[in-house]
Amino acid sequence: MPSIKQKKIAAINDFSGFGRCSLTVSIPIISAAGIQCCPLPTAILSNHTGYSDYYFDDYTDRMKPYYNKWEKLGLRFDAIYSGFLGSERQIGIVTDFIERFSDRDTIIIIDPVMGDNGRMYATLTGELCRSLKKLTAHADILTPNVTEACILTETPYIADPDEEMINAIADKLLSFGCKNAVITGIMKGDSIGNYICRSSGERIWVTSPLLGSSRAGTGDVFASVLAADAVNGMPLEDSVRRAADFVSRAILLSDDQELPSQDGLCFEPLLGELVTNKYRTLQHDGDNQH
Ligand code: PXL
């Protein structure tokens, strides 16, 4: 038996060729954290739907035949992370995938990708949003932004909900069955807050200074760090802090590059910060000889 067994995460998300979101964000981030990322595409897009024009190939009919082969290979995952879903039928497909590819120890991360800044994404339907609510029951970690938390709980959108309102939203999210919810991107004056809500009743704020512009794909970067850290055994609060710091630095770098906001976060030059050193002791003996 190897002394450290490498873990793997199934990432159920779209593949958008340009715009830095979904799988093109999750694969490098999860890999940098030392974990094997196994993508299951929900849709193939030329670029994400935040641009005025895009090619969209719905992958619903091909998902089951694709992962049936994974079952034949006997695959099991340490985490299953689901993000952007391209059709309502994919809710049943993700549920089936969770049933077939998880065991007691598998961590389920559900990012209910539906919208941002008070607006729903172009391909989302009311029906898909209502069905996503049912999917949230499976989550060990649910990561809605404020827009998504409001849609899921049928709360009128407000970018800077007060403490009473955010607690009411948190209570409702937990009542759908998830174990932990992290409500991301809550405006708090000149700070931005992430609110960790646990089914145990614990509530924790993780706030950072609001330093740069709002950008596409931020939620995907955040959830990918959380998924990787959860598998690496990091406590959720530490992981939320690490994800928020990573996002803040990537926003600063993107603004410095004068990157259009829809082109996402320029996170690639910072990936080294996410590299874990667990395997250092496994270097060849010769590497340590002087
Ligand atoms: O980052 C969220 C996201 C994911 N996938 C697709 C999107 C968006 C947001 O616009 O369009 C295809």
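The values are calculated or read from the model by the stated rules, or taken from the named source; none is laboratory data. Being a predicted model, the structure only gives us computed values, none of them experimental. Virtual Cβ from ideal backbone geometry, glycine too; neighbours counted across all protein chains shown. When the accessible area is computed, the model is the full protein with side chains, heavy atoms only, and any ligands, DNA or RNA have been set aside. Shrake-Rupley method; radii C 1.70, N 1.55, O 1.52, S 1.80 Å.
A few points about this structure:
- Lysine pair number, Cα distance threshold 24 Å (strictly under), region 8-288, separation 8 or more or different chains: 13
- Student exercise, region 8-288 dipole from Lys, Arg, Asp, Glu Cβ charges, in Debye to nearest 20: 780
- Potential extension, Trp205-Glu127 segment - 0.36 nm per residue separation minus Cα distance: 24.9 nm
- Share antiparallel - DSSP beta bridges, the chain, percent rounded to 5: 50
- A crude spin-label estimate for the pair Asn232 and Lys5, with each label 7 Å from Cα along the Cβ direction, gives 2.0 nm.
- Where labels lie 7 Å past Cα in the beta-carbon direction, separation of Ser46 and Asp190 in nm: 4.3
- Estimated from the Cβ-Cβ distance and a Förster radius of 25 angstrom, the FRET efficiency linking Arg89 and Asp53 is about 0.50.
- DSSP bridge orientation in region 124-277 - percent antiparallel, rounded to nearest 5: 80
- Förster radius 25 Å - calculated FRET efficiency between Leu75 and Asp245, Cβ distance, rounded to 0.05: 0.15
- 1.4 Å probe accessible area per residue over region 8-288, in Å²: 44
- Asp238 sits with roughly 80 Å² accessible to a 1.4 Å probe, with DNA, RNA and ligands left out of the calculation.
- Comparing Cα centroids, region 17-45 and region 159-194 end up 26 angstrom apart.
- Among 150-160, 257-267, the peptide with the highest mean count of other Cβ atoms within 10 Å heads the list, and the full ranking is 257-267, 150-160.
- Dividing the helix sum by the residues of the chain, where each DSSP H run of 4 or more adds -39500 (n - 2.57), gives a mean residue ellipticity at 222 nm of -11000 deg cm²/dmol.
- Working note: Cα gyration tensor of the chain, eigenvalues times five, square-rooted, sorted largest first, giving semi-axes of 27, 24, 20 Å.
- Environment charge of Asp96, counting only residues whose C-beta is closer than 11 Å and scoring Lys/Arg +1, Asp/Glu -1: +1
- Sorted from greatest to least, the principal axis extents spanned by the alpha carbons of region 89-128 come out as 36, 20, 10 Å.
- Region 8-288 - percent of accessible surface contributed by carbon and sulfur, probe 1.4 Å: 51
- For region 27-177, the Kirkwood hydrodynamic radius comes to 16.7 Å, computed from all pairs of different C-alpha atoms.
- Viscosity 1.306 mPa s, 10 °C: Kirkwood-radius Stokes-Einstein D of region 1-97 over Cα pairs, µm²/s: 112
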